[in-house]
């Protein structure tokens, strides 16, 4: 057998032999998308909508929505963080309990997004509170949708987004500066990465919050945008175009008498 043939077989074997940690991450992503698609096909999207936790809220409804938000975070955000997660898994193989390290890292990352979801729920409750008392909002149904899209569009041009995006686009540099050994260090690293990821994508996820988890069209579109922005060399170039599209949508929502025809609440 020639050396080239042996090397080719070795390379193929390394590709086919998936790391257990990376396999777990992909399984989580696929399972989350499957749950969202299933909810859409069976007409159970209401279980994933933030209104379930803000309209006559109970502890049970809050837990249902936070679970739905976690599913959405896994489905939408983990794919955008795969470059860093893959590197983290590789360097963690040299430590004891690599699976525990990955679990702690992902738990800290999820904690950041769950905290953001709680803040959004408080804001959503406040909006409903104002809607009940401010008749002007009843007469201008596009105001809330337009404001949400306006914030998201304007943030596409902000220096904060670009700073956070720059960190997310260079996972090797991030790990070189912040990686340490141990479970506590994995937790801190997950929190740090989660904060940068939140800094990149909070405004787009605000739009996602407005349309409701399990709204497939918006989920696919926003996931594609965030994935492209964070993981490709053309991400910086596409950001202004996304911002212009969001600002144009905001203008339509604010100007049209009936508001933009999207399910923002």
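The values are calculated or read from the model by the stated rules, or taken from the named source; none is laboratory data. Bear in mind that the values here come from a model prediction, so they are computed numbers and not experimental data. No Cβ is skipped: glycine too gets one built from the backbone with ideal geometry, and neighbour counts run over all protein chains shown.
Return the residue satisfying two criteria in turn: it lies in segment 50-80 and is over 16 Å from the mean Cα position of the chain (by Cα) and either modelled with pLDDT of 90 or more or closer than 30 Å to residue 102 by Cα (or both), and of such residues it is surrounded by the fewest Cβ atoms within 10 Å (Cβ to Cβ).
Initially, segment 50-80 is screened for residues over 16 Å from the mean Cα position of the chain (by Cα), giving 51-64.
Going one step further and asking which of them are either modelled with pLDDT of 90 or more or closer than 30 Å to residue 102 by Cα (or both), we end up with 59-64.
Working: 59: 8, 60: 10, 61: 16, 62: 15, 63: 11, 64: 15.
My answer is 59.
Quick check: anything in segment 252-265 assigned to a helix (DSSP H, G or I) and at pLDDT 90 or above? Working first, answer last.
At the first step, the residues of segment 252-265 found to be assigned to a helix (DSSP H, G or I) are 252-255.
From what's left, at pLDDT 90 or above: none.
No, every residue in segment 252-265 fails to be assigned to a helix (DSSP H, G or I) and at pLDDT 90 or above.
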